[in-house]
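The values are calculated or read from the model by the stated rules, or taken from the named source; none is laboratory data. Computed from a predicted structure; not experimentally measured. Cβ: placed from backbone, ideal geometry, glycine included. Neighbour counts: every protein chain shown.
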């Protein structure tokens, strides 16, 4: 089971890191547009469309990756005070009531948007030479599918935690600055006052 969970983590991380390169392409597009407009005096007719598509691609492709790293925003000032079982119970309820209905709606609606766009060969109306929109809209249901897959993994983690009282291991490659600061502060506290730590542990 754990190998499956980590395999999905790695897959979504690989997808997120692959599409993260779109920020480099976006930077090149914007730079080219600025040089063409300001230096050459010949603005492009496609850079605006390309820029919002690339930004949207970057934003959407990061969803499943962020979920795999437990990086989405939550009320941590309350959440971190609870026991792992309480955290898992709340997460499980929220996944069932809100996450999966929303993601399934995203997949369904996104596929409808893509189908219509593909059949009509829809182009952007924001510029004279509008780019085709169906490749961009195809990202919506794909993103939903990746999020749903990662969501199943997170639900399994909740079930495991409810049974064992501990969160199972998670694939990780970065850490929040806050977590690093807290870990460093705790290490310094132990180093400066090991006797107090022993007294605190005895009380527990």
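Yes/no matrix, rows are residues, columns are (1) part of a helix (DSSP H, G or I); (2) within 17 Å of the chain's Cα centre (by Cα):
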site	(1), (2)
60	yes, yes
77	yes, no
81	no, no
112	yes, no
119	yes, no
128	no, no
136	yes, no
141	yes, yes
Is it the case that segment 62-71 has a residue that's more than 27 Å from residue 137 (Cβ to Cβ) and either exposed (fewer than 13 other Cβ atoms within 10 Å of the Cβ) or assigned by TED's automatic domain parsing to the domain that holds residue 160 (or both)? yes
Scope segment 1-44; condition outside any helix (DSSP H, G or I) and either in contact with a strand residue (DSSP E or B) (Cβ under 8 Å, 6 or more places away or on another chain) or exposed (fewer than 12 other Cβ atoms within 10 Å of the Cβ) (or both); matching residues: 1, 21, 41, 42
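Taking only segment 83-95 into account, find how many residues are touching a residue at least 12 places away in the same chain (Cβ under 8 Å) and in a helix (DSSP H, G or I). Break it down into steps so the answer makes sense when it comes.
Of segment 83-95, the ones touching a residue at least 12 places away in the same chain (Cβ under 8 Å) are 83-85, 87-89, 91-92, 95.
If we keep only those that are in a helix (DSSP H, G or I) too, we end up with 84-85, 87-89, 91-92, 95.
The qualifying residues number 8.
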